[in-house]
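Undergrad: The following block contains the structure, expressed as structure tokens.
The values are calculated or read from the model by the stated rules, or taken from the named source; none is laboratory data. What you see is a predicted model; the values in this text were computed from it and never measured. Neighbour counts run over all protein chains shown; Cβ positions are idealised from the backbone, glycine included. Heads up: the accessible areas ignore ligands, DNA and RNA and are worked out on the full protein's heavy atoms, side chains in. Shrake-Rupley method; radii C 1.70, N 1.55, O 1.52, S 1.80 Å.
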Amino acid sequence: QVQLVESGGGLVQAGGSLRLSCAVSGSIFSIYSMRWYRQGPGKQRELVAASTSGGGINYADSVKGRFTISRDKAKNTVYLEMNGLKPEDAAIYCCNAISPRYNLWGQGTQVTVSS
């Protein structure tokens with residue numbers, strides 16, 4: 001069974017940093033996009049960052065310059081380095097992996113930012 005396993009959420013003070021990880025567990029071929037989404041309380045889910053197999057990277061305007069998405073293709077793992085965290089970044093962060101056969105979602109990891 002192929003699934004995504006996330007880690008790295010937690011509580012941090014405003015201005016602090018966290019690093020989220022999302023690893024593909026199981027055999028999967030040709031992932032062409034790995035993404036991070038988040039959903040804060042009372043908010044719609046939003047795309048935070050995306051990385052494609054061709055090297056394309058996109059960020060939500062709200063996180064540009066603070067968050068960095070990276071991939072280790074050999075490990076089928078995507079990371080989200082979050083710096084300068086703000087209270088409005090608090091949310092459940094969820095990773096998503098898309099391949100020709102799968103559209104996988106992680107279970108989500110909570111990020112809490114105290115002011």
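Undergrad: Take K64 and A14, extend 7 Å from each Cα along the Cα→Cβ direction, and tell me the distance between the two endpoints in nm.
TA: According to this spin-label approximation, the distance is 2.3 nm.
Undergrad: A follow-up question, please. Can you divide the C-alpha Rg of the range 1-51 by 2.2 N^0.38 Å and report the result to two decimal places? Don't jump to the answer; show the numbers that get you there.
TA: Details: Rg = 13.5 Å, N = 51, 2.2 N^0.38 = 9.8 Å.
Expressed relative to 2.2 N^0.38 Å, the Cα Rg reads 1.38.
Undergrad: In Å², and per residue, what accessible area does the chain have when probed at 1.4 Å with the other protein chains present?
TA: Details: 6140 Å² over 115 residues.
Here the per-residue accessible area is 53 Å².
Undergrad: Let me ask something additional. Once you keep just the Cα pairs under 8 angstrom separated by 6 or more residues, what percentage relative contact order results for the range 44-105?
TA: Relative contact order of the range 44-105: 18 percent.
Undergrad: Here is a further query. Which percent of the accessible area of the range 4-76 is formed by carbon and sulfur heavy atoms (probe 1.4 angstrom)? Write out the running numbers ahead of the final one.
TA: Working: 1980 of 4110 Å².
Carbon and sulfur atoms account for 48 percent of the accessible area of the range 4-76.
Undergrad: Here is a further query. In terms of the ratio Rg/(2.2 N^0.38 Å) built on C-alpha atoms, what value belongs to the chain? Please list the in-between numbers first.
TA: Values: Rg = 13.5 Å, N = 115, 2.2 N^0.38 = 13.4 Å.
Working it through for the chain, the quotient is 1.01.
Undergrad: Past the 16 angstrom mark, what percentage of all C-alpha to C-alpha distances in the range 63-113 do you count?
TA: On the way: 654 of 1275 pairs.
In whole percent, the long-distance tail amounts to 51.
Undergrad: Could you give the nm distance between label points at E81 and S53, where each point is 7 Å from its Cα heading toward the beta carbon?
TA: According to this spin-label approximation, the distance is 2.6 nm.
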